[in-house]
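The values are calculated or read from the model by the stated rules, or taken from the named source; none is laboratory data. Just so you know, these numbers come straight off a predicted model, no measurement behind them. Heads up, the Cβs are rebuilt from the backbone with ideal geometry, glycines too, and the neighbour counts pull from every protein chain shown.
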Amino acid sequence: MKFKIAIAGKGGTGKTTLASLFIRNIIEAEKGNILALDADPNSNLNELLGVKIEGTVGQLVEDFKKNGAVISSGLYKDQAVEMNIHRIITEGKGFDLLVMGRGEGPGCYCAANNLFKKYIDVLQQNYPVVVMDNEAGMEHLSRKTTQNMDYLLIVSDPSPRGIMAAKRIKELAGELNIKAGKILLVVNRVGQECYTGTMKNNGNPEKIADESTEVKEAGLGLLDDRILSLLEGSGLEVTGIVENDASLADMELDGRNIFDLLPDSISLKQTGQILKKLNII
């Protein structure tokens, strides 16, 4: 079975880190080679995955716009696009990474963008799993770069502003008729220091055990009551939470990557639980 997962949310919520954690979990579950798409102009998914990139789709589009009319070797435009996309794919262990790169300069890029989008869509069909890390905010939705996904996972931190931003992203996805099988919320960076006051039940496992099955399964017993109230009226379906994980900070400070995390990392376990709940692993 094939799965396509897109990850969206406001800036600073940890979308790229979650994307890399999902990718590691899927690789370890042996679900086949993954196509990782880094659609964030501030491209750094490759750093978390421990690979170096040779080029970006943005650079190819720029070059194509300048030189498309004089492509050498007698190649048709579509053949040249396909060849160059394959050239910049970075191969990792269990995944291939394609980086979209930065936005365009002045001038019309519609024809070039459409041609490249055509072959990226074709490329995705060759992989059992596609994981797309989107740019922050909602602009990527308005350009409809996130389409035909099984899951659109909106990431928020446990704050009112984060939850309201996630709600707006879901509403915009509906207005634009974004094709996604399910639109779900992941609450990231949950912990004692995250959002004011006291955590719901003060993290007491005995009290959490008294919560409803739905609350326990999503891990929402760790959230402040006020955040839970906000979620209840948001129309967002929470598929899980991911707690603050000191091992992630240590990993980045030490210049290591997501594959260096120990198996008992809480963030690795909780992202794995989310994937299991979605029947992806």
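The table below gives the values:
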| quantity | calculated |
| --- | --- |
| Residue within the range 135-147 that is at pLDDT 90 or above and either part of a helix (DSSP H, G or I) or surrounded by 23 or more Cβ atoms within 10 Å (Cβ to Cβ) (or both) present | no |
| Any chance Val187 is modelled with pLDDT of 50 or more and either of a type in the set (Val, Ile, Thr) or in contact with a helix residue (DSSP H, G or I) (Cβ under 8 Å, 6 or more places away or on another chain) (or both) | yes |
| Residue in the range 102-125 that is modelled with pLDDT of 90 or more and aromatic (Phe, Trp, Tyr) present | no |
| Exclusive hit being outside any loop (DSSP other than H, G, I, E, B), β-branched (Val, Ile, Thr), modelled with pLDDT of 85 or more and surrounded by 12 or more Cβ atoms within 10 Å (Cβ to Cβ), set Ile53, Ile85 | Ile85 |
| Identity of the residue in the range 237-256, in contact (Cβ under 8 Å) with a residue 12 or more places away in the chain and hydrophobic (A, V, I, L, M, F, W, C), that ends up surrounded by the most Cβ atoms within 10 Å (Cβ to Cβ) | Val242 |
